[in-house]
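Written below as structure tokens is the structure these notes are about.
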Number of protein chains: 2
Amino acid sequence: MKAIVHVQLKPGVLDPQGQAIAGALASLGYDEVTGARQGKVIELELSGTDHALARERVEAMCGQLLANMVIEQFSVEILD
Amino acid sequence: MKAIVHVQLKPGVLDPQGQAIAGALASLGYDEVTGARQGKVIELELSGTDHALARERVEAMCGQLLANMVIEQFSVEILD
């Protein structure tokens with residue numbers, strides 16, 4: 001079983017890395033880019049077959065380690 | 001228009017950050033985690049309405065700046 005976790009900065013939180021990307025793309029001539037935000041995606045390989053339990057456990061992992069809940073939000077997708 | 005770019009290490013490329021995540025989760029008691037890989041996701045705000053052109057341009061951005069094509073692979077999703 002596999003879990004895909006997306007972790008992004010909450011809307012409104014300043015994203016200097018995204019701003020750097022947008023600036024660099026503009027300076028390369030991609031002036032259609034009006035903004036950029038960067039997040040991370042973590043792919044977990046999981047043993048077990050219970051999707052509901054897996055989701056619960058992965059959400060706990062996010063709260064404890066994978067995301068900083070003060071400034072970040074996450075979403076979890078469970079795949080076979 | 002929005003573009004979502006996923007950048008991941010190619011399969012087979014060593015991912016020390018993913019290994020650190022898997023190790024930390026195991027030490028927190030999440031022993032169902034058998035592996036982890038970390039990638040990044042970049043959300044671009046784009047002006048214009050031509051999806052095909054946008055995809056072509058974003059793929060060029062990946063080759064030039066957003067991904068290191070030696071060790072990384074990317075996928076592009078264009079949204080309204």
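Ordering B:Val5, B:Val70 by accessible surface, largest first, gives B:Val70, B:Val5; the 1.4 Å probe counts only protein heavy atoms, with every chain in place. Chains A and B together bury some 2800 Å² of accessible area, summed over both sides, with a 1.4 Å probe.
Probe of 1.4 angstrom, ligands and nucleic acids ignored: what's the accessible area per residue over the protein assembly as shown, in square angstrom?
Numbers: 8520 Å² over 160 residues.
Heavy-atom accessible area per residue stands at 53 Å².
Using 1/(1 + (r/R0)^6) with R0 = 45 angstrom and r between the beta carbons of B:Val70 and A:Ala60, what's the FRET efficiency to the nearest 0.05?
Details: r = 36 Å, r/R0 = 0.80.
Efficiency for this residue pair is about 0.80.
Taken as Cα centroids, segment A:5-80 and segment B:13-80 sit 10 Å apart, rounded to the nearest whole angstrom. Here the convex hull built on the C-alpha positions of segment A:34-80 has a volume of 92 cubic angstrom per residue.
Report note on the peptides B:22-34, A:9-21: ranked by the mean count of other C-beta atoms within 10 Å, highest first, their order is B:22-34, A:9-21.
Over chain B, the fraction of Cα-Cα pairs per 5 Å bin, rounded to whole percents and listed from the shortest bin up, is 3, 15, 21, 16, 13, 11, 10, 7, 3, 1.
Distances between copies of A:Ile4, taken at a point 7 Å out from Cα along the Cα→Cβ vector and listed shortest first: 0.7 nm. When a 1.4 Å probe is rolled over the protein heavy atoms, the share of accessible surface on chain B that falls to carbon and sulfur comes to 53 percent. Per residue of A:12-18, other chain Cβ atoms within 10 Å of the residue Cβ number 1 on average.
Can you tell me the equivalent ellipsoid semi-axes for the protein assembly as shown? Use √(5λ) from the Cα gyration tensor, largest first, whole Å. The partial results should precede the final answer.
Working: eigenvalues 185, 54, 41 Å².
They are 30, 16, 14 Å, listed largest first.
The values are calculated or read from the model by the stated rules, or taken from the named source; none is laboratory data. If you're wondering where the values come from, they're calculated on a predicted model, not measured in any experiment. Neighbour counts are summed over all protein chains in view; Cβ atoms, including those assigned to glycine, are modelled from backbone coordinates with ideal geometry. Side chains are part of the model used for accessible areas, which takes the heavy atoms of the whole protein and leaves out ligands, DNA and RNA. Shrake-Rupley method; radii C 1.70, N 1.55, O 1.52, S 1.80 Å.
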